[in-house]
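J.: Here it is: the structure, laid out below.
Just so you know, all these numbers are worked out from the coordinates, no wet-lab data involved. Keep in mind it's a predicted model, so treat the numbers as computed, not measured. Positions of Cβ are generated from backbone atoms using ideal geometry, with glycine treated the same way; all protein chains shown enter the neighbour counts.
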Amino acid sequence: MSRIEKAAWDAYYDVNLFFAKVIIPQLHDGDSIWIHDYHLMLLPQFLREGTRQSGVEVKIGFFLHTPFPSSEVYRILPMRKQILTGLLHCDLVGFHTTSYARHFLNSCSEILETPTCAGYVQFHEASVTVDAFPIGIQPERFAETLQKGNVQDRIRMLSQRYQGARLIVSVDRLDYIKGVPQKLRALETFLSRYPEWVGKLVLMQVAVPTREDVREYQSLQTEVNELVGRLNGNYGSIEFSPVNFLYSSLDFEEIVALYAVSDVCLVSSTRDVLSEFAGAAEVLDGSIIFNPWDIDESVDAIHIALTMGEKERAENYKRLEEYVMRNTSANWGKRFTDCLKKA
């Protein structure tokens, strides 16, 4: 571990310990603690050790909001054992998908050599439950917002603006894992391969700024700007641009209006039409799955989405809608907390 890595790890350790010192005095027998995301992967161990000393019995759950890598990738981390050990002081460890949960179980088995089986890790005297909890949204919020007068006005305005063109919408943080450059290169290849779509297709790319002070992210922004400029220069005109690029956050009402007028939602996450590396790809039956690193596959996915018949489009939409309505964020939270009580 380099000096810089050690300093970063020491800071991470100290922050997790600080959280534990604040939380432990507030705990009582029977309390449940739900810890979220990679920032606090050591916290379960600190909490468990602290509550044992104070004689307090609590339930500890952890949910990771980001992908968990395969054991082959994870094992390169210098602090791999400490992180796994920290999480195994939980009663329940949750992930977005069964693939991420399986990666975690394999890492525990191969790196810590702990006994594992489907959905469980045996750690010392405890059995730690490991499961997938696909996170949802609040569909009723979208439906209610869609009915607002100002949103309907915005929908009419956007529909008029993009009249005669098919609209692809993408909303991403401008982050390396979101695959924005891959998406733009795929669109460039698509327009080259299918010139009949030039002037009839628009990508509305919303790129939410993130980590603007980091040099690597500044380079990413420069790369994206160059790709957008090249696309619009080669395939656009004074009256028409194939890419509308907005480097900004949008309020929720604007997002709803934009989704409402779109023909295709394109997700090209390189780790996270739907990229096969997006967590939602594993559960959203009815979407078109593709590998964003494979330009030909990405181009084919865009073409399928744009040329799909109305009957198939309606059937796919129905399956997706049923899943979203059934697996809301409220149901996700209830399922996790119910499992934590039983763990």
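J.: Counting only other residues whose beta carbon sits under 14 Å from that of residue 28, what net charge do I get with K and R as +1, D and E as -1?
T.: Once positives and negatives cancel, what remains is -2.
J.: Hey, another quick one. If the cut-off is 27 Å between C-alpha atoms, which lysines fall inside it for residue 6, apart from same-chain ones fewer than 8 positions away?
T.: Excluding near neighbours in sequence, the set is 21, 81.
J.: Over 5 Å intervals from 0, what percent of Cα-Cα pairs in region 193-236 sits in each interval?
T.: That works out to 5, 18, 23, 20, 14, 10, 8, 3, 0, in percent per bin.
J.: Separate question: Compute the length gained on full extension between residue 138 and residue 263: take 0.36 nm times their separation in residues and subtract their Cα-Cα distance, giving the result in nm to one decimal.
T.: Values: separation 125, 0.36 × 125 = 45.00 nm, distance 2.16 nm.
The span from residue 138 to residue 263 would gain 42.8 nm if fully extended.
J.: Based on Cα coordinates alone, diagonalise the gyration tensor for the chain, multiply each eigenvalue by 5, take square roots, and list the semi-axes in whole Å, largest first.
T.: Numbers: eigenvalues 352, 105, 75 Å².
Taking √(5λ) for each Cα gyration eigenvalue gives 42, 23, 19 Å.
J.: Can you run phi through the Karplus equation (6.51, -1.76, 1.60; θ = phi - 60°) for region 126-131 and list ³J(HN,Hα) in whole Hz, with x for Gly and Pro?
T.: 10, 10, 9, 7, 10, 8
J.: Please compute the contact order of region 80-162 in relative form: average sequence separation of alpha-carbon pairs under 8 Å and at least six residues apart, divided by the residue count, as a percent.
T.: Working: 76 pairs, mean separation 23.5, N = 83.
Across region 80-162, relative contact order equals 28 percent.
J.: Moving to a separate point now. Could you give each residue of region 235-245 its phi-based ³J(HN,Hα) in whole Hz, using Karplus coefficients 6.51, -1.76, 1.60 with θ = phi - 60°, and x for Gly or Pro?
T.: Going residue by residue, I get 10, x, 8, 4, 8, 9, 10, x, 10, 9, 10 Hz, with x marking Gly and Pro.
J.: Please compute the modelled spin-label separation between residue 76 and residue 113, points set 7 Å along Cα→Cβ, answer in nm with one decimal.
T.: Between residue 113 and residue 76, the label points sit 2.5 nm apart.
J.: Arrange the following residues from fewest to most other Cβ atoms within 10 Å of their Cβ: 63, 18.
T.: So the residues, fewest neighbours to most, are 18, 63.
J.: Could you tell me whether region 110-190 comes out rounded, prolate or oblate from its Cα gyration tensor? Rule is a ≥ b ≥ c as square roots of the eigenvalues, rounded for a/c under 1.5, then prolate if a/b exceeds b/c, otherwise oblate.
T.: Oblate, because a/c is 1.5 or more while a/b does not exceed b/c.
J.: How many nm is it between the label spots at residue 208 and residue 66, if each spot is 7 Å from the Cα in line with the beta carbon?
T.: 1.5
J.: Which order do 3, 193 fall in if you start with the one that has the fewest other Cβ atoms within 10 Å?
T.: Working: 3 7, 193 14.
So the residues, fewest neighbours to most, are 3, 193.
J.: Quick check on the chain: helices-only [θ] at 222 nm, where DSSP H runs of length 4 and up contribute -39,500 (n - 2.57) each and the sum goes over total residues. Nearest 500, please.
T.: Calculated from helices alone, the mean residue ellipticity at 222 nm is -15000 deg cm²/dmol.
J.: Another question about this same structure. List the GluC sites (Glu not before Pro) in region 53-126 that DSSP assigns to loop (not H, G, I, E or B) and whose Cβ has at most 16 other Cβ atoms within 10 Å. Which are they?
T.: 57, 113, 125
J.: Using Cβ contacts closer than 10 Å as the measure, can you line up 42, 227 from fewest to most? Before the final figure, lay out each step's value.
T.: On the way: 42 24, 227 20.
With the sparsest Cβ surroundings first, the list reads 227, 42.
J.: For residue 137, what residues show an amide H to amide H distance below 5 Å, using hydrogens built from the backbone and excluding near sequence neighbours?
T.: Here the answer is 329, since their amide H atoms fall under 5 Å of that of residue 137.
J.: Moving on. Near residue 208, within a Cβ-to-Cβ distance under 13 Å, what is the net charge of the other residues, with Lys and Arg +1 and Asp and Glu -1?
T.: Combined, the nearby Lys, Arg, Asp and Glu give -2.
J.: Tally Lys/Arg at +1 and Asp/Glu at -1 over every other residue whose Cβ is under 14 Å from the Cβ of residue 234; what's the total?
T.: Residues near residue 234 contribute +1 overall.
J.: With each pseudo-label sitting 7 Å past Cα toward Cβ, what's the residue 339-residue 222 distance in nm, one decimal?
T.: Taking the two extended label points, one gets 4.4 nm.
J.: With the convex hull built on the Cα atoms of region 139-326, state its orientation-averaged projected area in nm².
T.: Seen from a random direction, the Cα hull of region 139-326 projects 10.9 nm² on average.
J.: Holding the Cα-Cα limit at 28 Å, pick out from 59/178; 183/334; 59/318; 148/183; 183/318 the pairs that are longer than that.
T.: 59/178; 183/334; 59/318; 148/183
J.: What lysines sit close enough to residue 311 to cross-link, taking a C-alpha to C-alpha distance under 24 Å and skipping anything fewer than 8 places away on the same chain?
T.: List returned: 200.
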